[in-house]
Amino acid sequence: MFELNDELIIEKEYLLGSVIYTIDNFYKNPNRVKNYLFSKPAPFWKINEVPTHNNVYFEDRRLVKFDDRIKETIDFLSNLVSQEPSNYELLTNQTRFCKIDFNAYNNNYWYPHHDEGYNGIVYFNQDCECGTNLYEHISDEVTENEHFKPWRSREHYRLLKHIEPKYNRLVLLDGFKFLHGMSIVNDRYFSDEYRINQVFFFRHA
């Protein structure tokens, strides 16, 4: 299921002393992986946290599932970034939006945040412009629950880098060092289509 291509080309880019890894054509059978992960909508993510607008103004869903077939892939990425895995689970992100003023992406970024270490992202949408952004926080703002106020004014952040998505591309970025979040730049996912990707999490020692 999760067999990698035989000859992976690992590209490295340095940003503020941190390595961003990019591997195109990551899975040998990406359509099979995509069908397995996204054949149906995943459960809503953090739906019991209140207050929340999840399943009201947008859908933020995540598959969390144990599957021992993913272990070899996680170990490969763990060795690449020299960090221990946060878990050995299958994890996905599936997101779409309602066409209402709440989802004002032109003036806001979607939930810039830190994680505990490197993040791996495999993109599964074809011809997508909505990748991943890395930010610098330049001014304070009132913080709220992730799903109550996910959109944050652009005036509080400086965009450091936009990571371009591509079908079956894996990107590894240091989510502990960089504020980051998904980039929404058009109305593509204001419809029946979900923005979908598989994610991996690692942690600093």
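The values are calculated or read from the model by the stated rules, or taken from the named source; none is laboratory data. Bear in mind that the values here come from a model prediction, so they are computed numbers and not experimental data. Every residue, glycine among them, receives a Cβ derived from its backbone with ideal geometry; neighbour counts consider all protein chains shown. Just the protein is used for accessible areas: all its heavy atoms, side chains included, with ligands, DNA and RNA removed. Shrake-Rupley method; radii C 1.70, N 1.55, O 1.52, S 1.80 Å.
A few comments on the model shown:
- For ASP192 and CYS98, the difference between the fully extended length at 0.36 nm per residue and the C-alpha to C-alpha distance is 32.9 nm.
- Residue-normalised accessible area of the chain, expressed per residue, 1.4 Å probe, Å²: 51
- The modelled label-to-label distance between TYR88 and GLU164, using points 7 Å beyond Cα along the C-beta direction, is 3.7 nm.
- Relative to the longest principal axis of the Cα atoms of the chain, the long axis of helix 71-81 lies at roughly 80 degrees.
- Here each label is just a point 7 Å from Cα along the line to Cβ, and for ASP68 and ASN107 those points are 5.4 nm apart.
- Spin-label pair GLU13-VAL50: with each label point 7 Å from Cα along the Cα-Cβ axis, the two points sit 4.3 nm from one another.
- Integer Hz, Karplus 6.51/-1.76/1.60 couplings in order for the range 11-23, x for Gly and Pro: 9, 10, 10, 9, 9, 6, x, 10, 8, 10, 9, 10, 10
- Qualifying GluC sites (Glu not before Pro) in the range 1-84, where qualification requires a DSSP coil assignment and no more than 12 other C-beta atoms within 10 Å, comprise GLU7, GLU49.
- In the range 1-151, a dipole from Cβ-located charges (positive for Lys and Arg, negative for Asp and Glu) runs towards its positive end, and of PRO150, PRO43, GLY120 it is PRO43 whose Cα lies farthest in that direction.
- Amide N of the range 110-127 lying under 13 Å from the label point, which is placed 7 angstrom from the Cα of ASN79 along Cα→Cβ: none
- Applying D = kT/(6 pi eta Rh) to the chain, where Rh is the Kirkwood radius over alpha-carbon pairs, T corresponds to 37 °C and eta to 0.692 mPa s, the Stokes-Einstein value obtained is 187 µm²/s.
- Around the amide H of LEU4, modelled in the peptide plane, lie the amide H atoms of LYS28, all under 5 Å away and 5 or more residues distant in sequence or on another chain.
- Portion, in percent, of the accessible area of the chain that falls on carbon or sulfur, probe 1.4 Å: 46
- Table column - 3J(HN,Hα) (Hz), the range 175-180, Karplus curve with 6.51, -1.76, 1.60, x for Gly and Pro: x, 7, 6, 10, 4, 8
- Surface/4 of the Cα convex hull for the range 1-103, nm²: 9.3
- Placing unit charges on the Cβ atoms of the charged side chains and taking the dipole of the chain about its Cα centre, the candidate lying farthest along the positive direction among ASN168, ASN31, LEU90 is ASN31.
- Restricting the range 1-33 to trypsin sites (Lys or Arg not before Pro) in coil, as DSSP defines it, with at most 12 other Cβ within 10 Å: none
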